[in-house]
Amino acid sequence: MEVFRKKLLEHKQNLLTKVESVSKASKDESMDEVRDSADIASDYYERELAMGLSETERIRLQEVVEALERIDDGTYGKCEACGQLIAGPRLEALPFAKLCVECKARQENDKRTLV
Ligand SMILES: [Zn+2]
């Protein structure tokens, strides 16, 4: 479990570092505003930072943060849809996965039928 936590924290750090460089480059003033309200919950701060990310990176950051929360509340590694344990190799490849392979495939099939 610690291995996955470490991986997730690395993912998160990478994403946040990316956002920080984006924010610094684009809008210096708003970074000062964020710093002034340092008492605001850190997840709000992270969400603010996430505005500088692309859509994909924002979703990824959200997934990583949620996975870290699941580690904390002990539901990490379980499929959100069917409750089965997600296979180890899948978690190693995608530490923030919340669906097992079967449910993921089903979800993607459903999407395709909807479109
Ligand atoms: Zn499942």
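The values are calculated or read from the model by the stated rules, or taken from the named source; none is laboratory data. Just so it is clear, the model here is predicted, and its values are computed rather than measured. Don't worry about glycine lacking a Cβ; one is built from the backbone with ideal geometry, like all the others, and counts go over all protein chains shown.
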* Return yes when G88 is modelled with pLDDT under 95 and within 16 Å of the ligand (Cβ to nearest atom) and no when it is not. => yes
* Which residue, of E108, E63, is more than 10 Å from the ligand (Cβ to nearest atom) and more than 19 Å from the chain's Cα centre (by Cα)? -> E108
* Conditions (1) assigned by TED's automatic domain parsing to the domain that holds L8; (2) near the ligand (Cβ under 9 Å from one of its atoms); number of the one not met by V101 -> (1)
* Structure fact -> Filter the range 66-85 for residues that are aliphatic (A, V, I, L, M) and either within 16 Å of the ligand (Cβ to nearest atom) or more than 14 Å from M1 (Cα to Cα) (or both); the one that is surrounded by the most Cβ atoms within 10 Å (Cβ to Cβ) is A67
* Determine which single condition L53 fails, assuming it passes every other condition in (1) closer than 17 Å to K7 by Cβ; (2) assigned by TED's automatic domain parsing to the domain that holds K12; (3) in contact with a helix residue (DSSP H, G or I) (Cβ under 6 Å, 6 or more places away or on another chain). => (1)
* Out of all the residues in the range 17-31, is one or more under 11 Å from the mean Cα position of the chain (by Cα) and at pLDDT 60 or above? -> no
* Taking interchain pairs and intrachain pairs at least six residues apart, which have beta carbon atoms under 6 angstrom, with the first residue in the range 92-107 and over 21 Å from V3 (Cα atoms) and the second small (G, A, S) and near the ligand (Cβ under 8 Å from one of its atoms)? -> C103/A81
* **Long-range neighbours under 6 Å by Cβ, at least six apart or interchain, first residue part of a helix (DSSP H, G or I) within the range 2-30, second at pLDDT below 80** => V19/L49; V19/G52; V19/L53; V22/G52; S23/M31; S23/G52
